[in-house]
Amino acid sequence: MRKLTGISEQLRSKNCRTVYDVLTAASTSSADSLGGKPRDKIYLATSKWKSIELRVTENLNEAKDNVKYLQTLEKFIEPLYHGTPETIKESLPALMNSIKMIHTIARYYNTNERMTGLLVKITNEMIANCGRNVLNFRKIKRGEAIKYNKNQSDDVLWDSE
């Protein structure tokens, strides 16, 4: 969004507007001093400029909309990075509800591809968090893991070997 905002501001700057206005005037000039071909090239250049400007504006609007909706998830996603598996578990219903809301009402972010990408990122961060905070398979293998109950042996997790 920041990059598109910068580009959009440049396109609306006084210098860009002046160049565009001069080119537009030259392409629509009724004086035949330029001949046909240069005028056609100027017209094509200004048409392409306008097309690019419209694409930048549309993409900027999409980026702003996406940022707005993704910011609503921020408080629910924070536990994925810094919380415990228990706090993640507690935040999941609200996170899923917010994602459902985005899928229902967002103008741009509600595609299957974007929702799938978002859910994959959330899942990957949950796995990474659990790996950082809970699972240390080397300790489990050495028998240093906490037993779930006092009758359980340290190598119960590895019975399938």
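Rule-based calculations on the coordinates, nothing more; no lab input. On a predicted model such as this, the values are computed, not experimentally measured, just so you know.
Taking a threshold of 23 Å on the Cα-Cα distance, which of the pairs 3/48; 3/100; 41/64; 14/48; 68/121; 75/121 fall above it?
Pairs exceeding the cut-off: 3/100; 41/64.
Only Cα pairs under 8 Å and at least 6 apart count here; give the relative contact order of segment 2-139 as a rounded whole percent.
Relative contact order, segment 2-139: 22 percent.
Provide the convex hull volume over Cα atoms per residue for segment 2-139, in Å³.
About 164 Å³ per residue, rounded to a whole number.
Any chance you could run the full-extension gain for residue 70 through residue 127? It's 0.36 nm times the residue separation minus the Cα-Cα distance, nm to one decimal.
This chain segment gains 18.5 nm when fully extended.
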